[in-house]
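Peer 1: Quick one: the structure is below, questions incoming.
The values are calculated or read from the model by the stated rules, or taken from the named source; none is laboratory data. Just so it is clear, the model here is predicted, and its values are computed rather than measured. Cβ atoms come from the backbone with ideal geometry, glycine included; neighbour counts cover every protein chain shown.
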């Protein structure tokens, strides 16, 4: 029997840097192991813009990457600032051509704001089933854009199934589109074990003094870094510390963050590495005394899972999957989002108690190895696909039972 063909649409996919891309890659491999033929279509509206004034025709380039067919769509650039609707028209054209060529069994969109509408529209027009996977900002931030609010509701209502990486996200979606309550599920991301011993100690570690508090990301508004700056500035008056930001601020917010850094008063106690590869980021984690993730909202961030695997003592905020994962207090401390004093108290508590840091670090590693494993996530995705695809399309797959 012919394998069911899955078409996943996403804003990024390795070697692109980003948590969504890493998640899509991981899920694509799960589907491959489950017996599907997997296609990933990559497109992003930012790619319609060019800085050198050049022009180009629309294109779709296909490669074969680790068992997955990867199709990267680029829209045409025919004018200085292409209209967003022109971008989506080009994307739809090539997505439709790919479906005509491969005859997909199911569409699966990641990040509703850009991929969800064009993917769901094509699926509905072809009487095919479609999964939309909500990652975080699509419901925490973009839902407040009045231009796209109605579109988001339409996507939710017209999905065959909707997945979420936290119960908070699921509850917000149900409030917006109550009909999805019976066709949705929430479960965490997973992470493969990492051998941190294989990484070379970053040279910058030798420059850091005192308690090293670290955070990793492409830092932007939702990450709550201004509250981390405030908290570290407060406790630095009594504790020798270094705040290490592993990554960099996104370019469009750079002026704001330069102002925040100038005003925080940390001076040479603050170090920013700049953008690094994932391997370079991971190499820093075992050398942190405390890992801080002060997000205002954040889905289920891979950065948290990586820090847990490294055995870091973690301070996180009571938002999304961060709150769910750290809720029982065995894997880290939870604080209120946007509360510098609350964050300072938690950092102070860990900075002055090495035994607690060690205890929470061990608890974090144990929890991620037991509860956030690829085996568990694989079973969750198999359950979703069992709900969405007809039994006749799945009967050849191994490892799945039907009732």
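Peer 1: Hey, any hits in region 60-69 for a residue that's surrounded by 12 or more Cβ atoms within 10 Å (Cβ to Cβ), modelled with pLDDT under 95 and touching a helix residue (DSSP H, G or I) at 6+ places or on another chain (Cβ under 8 Å)?
Peer 2: no
Peer 1: Within region 155-171, how many residues turn out to be without any contact (Cβ under 8 Å) to a residue 60 or more places away in the chain and surrounded by fewer than 17 Cβ atoms within 10 Å (Cβ to Cβ)?
Peer 2: 2
Peer 1: If you don't mind, another one. Looking at this structure, is residue 284 without any contact (Cβ under 8 Å) to a residue 12 or more places away in the chain, touching a helix residue (DSSP H, G or I) at 6+ places or on another chain (Cβ under 9 Å), assigned to a helix (DSSP H, G or I) and assigned by TED's automatic domain parsing to the domain that holds residue 306?
Peer 2: no
Peer 1: Scan region 1-38 for residues that are assigned to a helix (DSSP H, G or I), surrounded by fewer than 18 Cβ atoms within 10 Å (Cβ to Cβ) and touching a strand residue (DSSP E or B) at 6+ places or on another chain (Cβ under 9 Å) and jot them down.
Peer 2: Once the filter is applied, which keeps residues that are assigned to a helix (DSSP H, G or I), surrounded by fewer than 18 Cβ atoms within 10 Å (Cβ to Cβ) and touching a strand residue (DSSP E or B) at 6+ places or on another chain (Cβ under 9 Å), region 1-38 yields 29, 32.
Peer 1: While we're on this one: Here's a check for you: in region 234-246, which residue that is buried (at least 20 other Cβ atoms within 10 Å of the Cβ) and free of Cβ contacts under 8 Å to residues at least 40 places away in the same chain is nearest to residue 257 (Cα to Cα)?
Peer 2: My answer is 245.
Peer 1: Name the single residue, out of those in region 291-310 being surrounded by fewer than 24 Cβ atoms within 10 Å (Cβ to Cβ) and in a helix (DSSP H, G or I), that is modelled with the lowest pLDDT.
Peer 2: 302
Peer 1: Determine whether region 39-46 contains at least one residue that is surrounded by fewer than 19 Cβ atoms within 10 Å (Cβ to Cβ) and more than 25 Å from residue 377 (Cβ to Cβ).
Peer 2: yes
Peer 1: Mind counting the residues in region 120-154 that are touching a residue at least 40 places away in the same chain (Cβ under 8 Å) and at positive phi?
Peer 2: Total meeting the criteria: 1.
Peer 1: Which one is nearest to residue 350 (Cα to Cα), of the residues in region 215-226 that are touching a helix residue (DSSP H, G or I) at 6+ places or on another chain (Cβ under 7 Å) and surrounded by fewer than 24 Cβ atoms within 10 Å (Cβ to Cβ)? I'd like the intermediate steps shown before the answer.
Peer 2: Residues of region 215-226 touching a helix residue (DSSP H, G or I) at 6+ places or on another chain (Cβ under 7 Å): 215-217, 219-222, 226.
So of that shortlist, the ones also surrounded by fewer than 24 Cβ atoms within 10 Å (Cβ to Cβ) come out as 217, 219-222, 226.
Numbers: 217: 22, 219: 23, 220: 25, 221: 26, 222: 24, 226: 20 Å.
The qualifying residue nearest to residue 350 (Cα to Cα) is 226.
Peer 1: Among the residues that make up region 123-139, is at least one of them assigned to a helix (DSSP H, G or I), at pLDDT 95 or above and surrounded by fewer than 19 Cβ atoms within 10 Å (Cβ to Cβ)?
Peer 2: Yes; the residues of region 123-139 include at least one that is assigned to a helix (DSSP H, G or I), at pLDDT 95 or above and surrounded by fewer than 19 Cβ atoms within 10 Å (Cβ to Cβ).
Peer 1: Please enumerate the residues belonging to region 140-151 that are farther than 19 Å from residue 298 by Cβ and either touching a helix residue (DSSP H, G or I) at 6+ places or on another chain (Cβ under 7 Å) or buried (at least 16 other Cβ atoms within 10 Å of the Cβ) (or both).
Peer 2: Passing the criteria: 148, 149, 151.
Peer 1: Take the residues in region 185-207 that are exposed (fewer than 13 other Cβ atoms within 10 Å of the Cβ) and in contact with a helix residue (DSSP H, G or I) (Cβ under 8 Å, 6 or more places away or on another chain), then tell me which one is nearest to residue 301 (Cα to Cα).
Peer 2: By that ranking, first place goes to 192.
Peer 1: Against the condition more than 15 Å from residue 213 (Cα to Cα), in contact with a strand residue (DSSP E or B) (Cβ under 6 Å, 6 or more places away or on another chain) and either assigned to a helix (DSSP H, G or I) or not assigned by TED's automatic domain parsing to the domain that holds residue 17 (or both), how does residue 328 come out, does it pass?
Peer 2: No.
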